[in-house]
Amino acid sequence: MSFLNHFAFRNPNREHLARHRSEHFHLEPRLSTAHAHGFQEKHLTIQHLQLAFHTTDADQYMARLVWPIDQFHSDISMAHSHIKNTVTYRFPIPRRCCISLNLFRLTIRPSYFPFHEGKLGGFWSELGAVFGIYIHIPFCRTACHYCDFHFSTQLDQLEEMEEALMRELLWRGTGVSEEISTVYFGGGTPSLFPEEGLERMMHAIQSISSTKKEVTLEANPEDITSEKLDVWLKMGVTRLSIGVQTFDDSILSWMNRAHTGDTAETAIRMAAEAGFQHITGDLIYGLPDRPAPAWERDIDRMLDLPIDHLSAYILTIEPKTALGHQVKQGKQNTASDEAVVAAYQTLCSRTQTAGFEHYEVSNFARPGGHATHNRNYWKGIPFWGIGPGAHGFDGTNRYAHVSNNRRYVKAIQQATSLLDIPLEVDVLQTSDRFNERVMTGLRTMEGINPEQLHAVYGRDPRTADAQAWQSAVLKRELIQLPNGSFRIPEDNWLFADAIASEFFWVND
Ligand code: SF4
């Protein structure tokens, strides 16, 4: 059962909003349509509340809607960035709840609010009213031949970039009172960025919220010095993510990496000696023509180092990379599926022997070494994406910045507020969010809980396509956990995305 509720309101004038950046604008919604659909009833059994927004032109603004729900003594709040013309948003609310119409209000505010599902109670409460910050540092020393992340090897805009990142950060932080759970400096190569610039950004983050459980900084081995390590520790970095990829110098050269295997080992040991208690190393497997013993040496050498986390990714051939072109021209082989599966099995067994828990398809941790920031992504906790090429999630929609350093800096320089920053917004429907939850959940050892999915999204994958579900259980692509959740067993995890797609909610 769904309800369509229409609100008509004036599109706020942007200059007016810019002058009153800290004010709230309360508008009276027209409730006649809601009445017509029975919102006056005391108790409603609702699967989804559907709202339509009407604006008078294509201008952009941000809105926050708040629906107090008595039963939960809490608000359902929702943030939208860049709503254009008439757009319909759907979101799930508890199936049985009590709504007080006289408390219904609409608030428009010219700054960004993260949406916290934690305010909804039940399943959402487990997530906590927190959010994360991802800051993209878009510079690299060399262009690795396999990499299609956004970065530039031209380092002439470091100062302008810092100013732009800082402006965006402070704009997003205006008026925020919620807890920042995690901060992640990713890239690109954050270790290449001047330490003073990173320190200034951390100070700005401290001024927004002092509670941070985890602050991760990605570092490449060739950048790591004892001076930098001290600065990073002092500014509050709690976790270093060191891009090793392999210890084999000939492969590192083939990848166009700027370090050697020995440099990587030394960097990890230096980080541990400097006082970093959480260090993760990255490895890549599934490399073409690589004999199994070479991969085993990489794993063993990594596991001998003082790390508490390991990320191991299969080499992906991205079309717009040097490697992608070589493969397309037939100048480069790719690894066979059998070789990739064998490398994965070796990885699973050796990490297990070393005491690592395989908690996500590509991630392994010693006790206490799990990555909170990434786990929050997988749980659907909102995060700001700051910087060129960065992606963010407001709990409902995803947005992406332009993947171009000069255009990002120019856009921020010309902007007078967040509203002026051009973003590509992906408005997620309930089905999209369900699919993301299934996809990311099935990549983790916790798996997915059909009852929780039903409570949150109104869809139980066991019954939505009973045949697909039963077939997956019979084929042991899914196994049930004692708490009622289902996960993909480790030996089938390499096929997680294909298995998850069997349960996707596809709209006709
Ligand atoms: S893999 Fe890392 S260091 Fe290499 S180009 Fe990509 S972002 Fe830069």
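The values are calculated or read from the model by the stated rules, or taken from the named source; none is laboratory data. Keep in mind it's a predicted model, so treat the numbers as computed, not measured. Please note: Cβ atoms are built from the backbone with ideal geometry, for glycine as well, and neighbour counts cover all protein chains shown. When the accessible area is computed, the model is the full protein with side chains, heavy atoms only, and any ligands, DNA or RNA have been set aside. Shrake-Rupley method; radii C 1.70, N 1.55, O 1.52, S 1.80 Å.
Kirkwood Rh and Cα-based Rg: tell me the resulting Rg over Rh for the range 347-430, rounded to two decimals.
Rg/Rh for the range 347-430 comes to 1.16.
If I take every Cα pair under 8 Å that is 6 or more residues apart in the range 258-343, average their sequence separation and divide by the length, what percent do I get for the relative contact order?
Once normalised by length, the contact order is 35 percent.
Determine the order of Phe151, Phe383 by accessible area, beginning with the largest, at a probe radius of 1.4 Å.
Details: Phe151 45, Phe383 25 Å².
Sorted descending by solvent-accessible area, the residues read Phe151, Phe383.
Roughly how many debye, to the nearest 20, is the charge dipole of the range 402-445 about its Cα centre, given +1 on each Lys and Arg Cβ, -1 on each Asp and Glu Cβ, and no other charges?
Values: 6 positive and 5 negative charges, 39 e Å.
That gives a dipole near 180 debye.
Which three lengths, in whole Å and largest first, does the range 167-308 cover when its Cα atoms are put on their principal axes?
55, 29, 24
Just the number, please: carbon plus sulfur as a percent of the accessible area of the range 179-230, 1.4 Å probe, no ligands or DNA/RNA counted.
42
Treating cross-link reach as a plain straight distance, find the aspartates and glutamates whose alpha-carbon is under 13 Å from the alpha-carbon of Lys212, omitting any fewer than eight places away in the same chain.
Within the straight-line cut-off, Lys212 pairs with Glu178, Glu179.
Taking the Cβ of Met445 as the center, what net charge do the other residues with Cβ under 10 Å away carry, scoring Lys and Arg +1 and Asp and Glu -1? If you can, show how the numbers build up before the last one.
Details: positive: Arg443, Arg487; negative: Glu357, Glu360, Glu446, Glu490.
Value of the local net charge: -2.
On the full set of protein chains, 1.4 Å probe, figure out the accessible area of Trp469 and give it in Å² to the nearest 10.
For Trp469, the solvent-accessible surface is approximately 10 Å².
Taking the range 358-508 on its own, what percent of its Cα-Cα pair distances exceed 29 Å? Don't jump to the answer; show the numbers that get you there.
On the way: 3342 of 11325 pairs.
Result for the distance tail: 30 percent.
What span do the alpha-carbon atoms of the range 277-357 cover on each of the three principal axes, reported in whole Å from largest to smallest?
For the range 277-357, the Cα extents along the three principal axes come out at 43, 25, 17 Å.
Alpha carbons only, please: Rg and Dmax for the range 446-501, in angstrom.
For the range 446-501, the Cα radius of gyration and maximum Cα-Cα distance read 10.8, 31 Å.
Given 0.36 nm per residue, what is the gain on full extension from Ser253 to Glu196 after removing their alpha carbon distance, in nm? All intermediate terms of the calculation are to be shown ahead of the outcome.
Working: separation 57, 0.36 × 57 = 20.52 nm, distance 3.09 nm.
Difference between extended and current length: 17.4 nm.
Kirkwood hydrodynamic radius of the range 131-379 from all distinct Cα pairs, in Å?
Working: mean 1/r = 0.0527 Å⁻¹.
Computed over the range 131-379, the radius equals 19.0 Å.
What do you get for Rg/Rh of the range 228-268 when both radii come from the Cα atoms and Rh is the Kirkwood radius? It would help to have the intermediate numbers written out before the result.
Details: Rg = 12.5 Å, Rh = 11.4 Å.
Taking Rg over the Kirkwood Rh, I get 1.09.
Between Asp304 and Lys379, what is the FRET efficiency for a Förster distance of 22 Å, r being their Cβ-Cβ separation, to the nearest 0.05? Walk me through the intermediate numbers first.
Details: r = 32 Å, r/R0 = 1.47.
The computed FRET efficiency comes out at 0.10.
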